[in-house]
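Participant: One structure is given below, represented as structure tokens, and several questions about it will come after.
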Amino acid sequence: MWLASELMFFAGLFAMYFTVRSVMPEEEWAAQADNVALVFPLINTTVLVLSSVTCQAGVFAAERFQPVRTGTLLQVTKWGMNEWMTLTYLMGSFFIAGQIFEYAELVEHGLTISSSAYGSVFYLATGFHGLHVIGGLIAFLFLLGRSFRAKRFTHHEVTTGLVVSYYWHFVDVVWIALFLVIYVLK
């Protein structure tokens, strides 16, 4: 139910984007959209999408009841849930740092939340997504804390890993849609 409500929230953001785009003069929209680069957000998006792969690898390890690695740190095939989820956390943190860097660049070029309707739509959509990524990062910290604290790795820890992964995959899918609309379609 919670993910369904989140889906409705983001549907509202997409509706806002397309409504503002439909009423704003095309030349004005294009001038503002040209401030937004594609290369760095593409790299950032790639890292976020790959973090879903590492998250799923963590789920597979959890389903094997393997909380920690059984080999060296360089033997990624023997990693446990904790290593995969830590890597996912780091990749999500990279995404947030990249978003902050992008915002700083855009503000330097005059695109702010109050500079235009495009700026408002851009920052609201990407900013709320960023807040959801931060929420996912907090969930990973709780997951890892619970895993390290558990005396035995049971179905309870596996279920926690699954639930966190559902949320993370949702956030990634939403970003793919936002990326396509905001950065590719412009």
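The values are calculated or read from the model by the stated rules, or taken from the named source; none is laboratory data. Please read all numbers here as calculations on a predicted model, not as lab measurements. Because the Cβ atoms are built from the backbone with ideal geometry, glycine has one as well, and the counts that use them run over all protein chains shown. Surface areas here come from the heavy atoms of the whole protein model, side chains and all, with no ligands, DNA or RNA. Shrake-Rupley method; radii C 1.70, N 1.55, O 1.52, S 1.80 Å.
Participant: Binning every alpha carbon pair distance of the range 128-186 at 5 Å from zero, what are the percents per bin?
Facilitator: With a bin width of 5 Å, the distribution comes to 4, 18, 22, 18, 14, 10, 7, 4, 3, 1, 0.
Participant: Can you tell me how much longer the chain between Leu131 and Ile176 gets when fully stretched, taken as 0.36 nm per residue apart minus their C-alpha distance, in nm with one decimal? Spell out each step's value before the answer.
Facilitator: Details: separation 45, 0.36 × 45 = 16.20 nm, distance 1.57 nm.
Answer, rounded to one decimal: 14.6 nm.
Participant: Now for a different question. Multiplying the sequence separation of Phe9 and Ile138 by 0.36 nm and subtracting their Cα-Cα distance, what value in nm do you get? Let's see the in-between values first.
Facilitator: On the way: separation 129, 0.36 × 129 = 46.44 nm, distance 2.00 nm.
The Phe9-Ile138 span can extend by a further 44.4 nm.
Participant: Let me ask something else. Along the charge dipole of the chain, pointing to its positive end and built from +1/-1 on Cβ of Lys, Arg, Asp and Glu, which listed residue (Phe153, Leu42, Gly58) has its Cα farthest out?
Facilitator: Phe153
Participant: Among residues other than Thr70 whose Cβ falls under 13 Å from its Cβ, what is the net charge (Lys/Arg +1, Asp/Glu -1)?
Facilitator: Working: positive: Arg64, Arg69, Lys78; negative: Glu83.
Taking every other residue near Thr70 into account, the sum is +2.
Participant: Tell me whether the range 5-59 comes out rounded, prolate or oblate; compute the Cα gyration tensor, take square roots of the eigenvalues as a ≥ b ≥ c, and use a/c under 1.5 as the rounded threshold. All intermediate terms of the calculation are to be shown ahead of the outcome.
Facilitator: Numbers: a/c = 6.70, a/b = 1.59, b/c = 4.21.
Verdict is oblate for the range 5-59.
Participant: Here's something else I'd like to know. May I ask you to list the trypsin sites (Lys or Arg not before Pro) in the range 57-87 that are in a DSSP loop and have at most 16 other Cβ atoms within 10 Å of their Cβ? Working shown, then result.
Facilitator: Details: sites: Arg64, Arg69, Lys78; in loops: Arg64, Arg69.
For trypsin sites (Lys or Arg not before Pro) across the range 57-87 that sit outside H, G, I, E and B with at most 16 neighbouring Cβ atoms in 10 Å, the list reads Arg64.
Participant: Let's see if you can work this out: charge +1 on each Lys and Arg Cβ, -1 on each Asp and Glu Cβ, no other charges. What is the dipole magnitude of the chain about its Cα centre, in debye to the nearest 20? Intermediate values should be presented prior to the final figure.
Facilitator: Numbers: 9 positive and 12 negative charges, 230 e Å.
Dipole size: approximately 1100 debye.
Participant: Mind pulling up the Rg/Rh value for the chain? Radius of gyration and Kirkwood radius, both on Cα. Walk me through the numbers on the way to the answer.
Facilitator: On the way: Rg = 18.7 Å, Rh = 17.7 Å.
Rounded to two decimals, Rg over Rh is 1.06.
Participant: Taking a probe of 1.4 Å, how large is the accessible area per residue of the chain, in Å²? Before the final figure, lay out each step's value.
Facilitator: On the way: 9710 Å² over 186 residues.
Heavy-atom SASA per residue in the chain reads 52 Å².
Participant: Let me ask another. Using 7 Å Cα-to-Cβ label points, what is the Val184/Val68 separation (nm, one decimal)?
Facilitator: 4.2 nm
Participant: Kindly report, to the nearest 10 Å², the accessible surface of Asp172 as traced by a 1.4 Å probe over protein heavy atoms only.
Facilitator: 10 Å²
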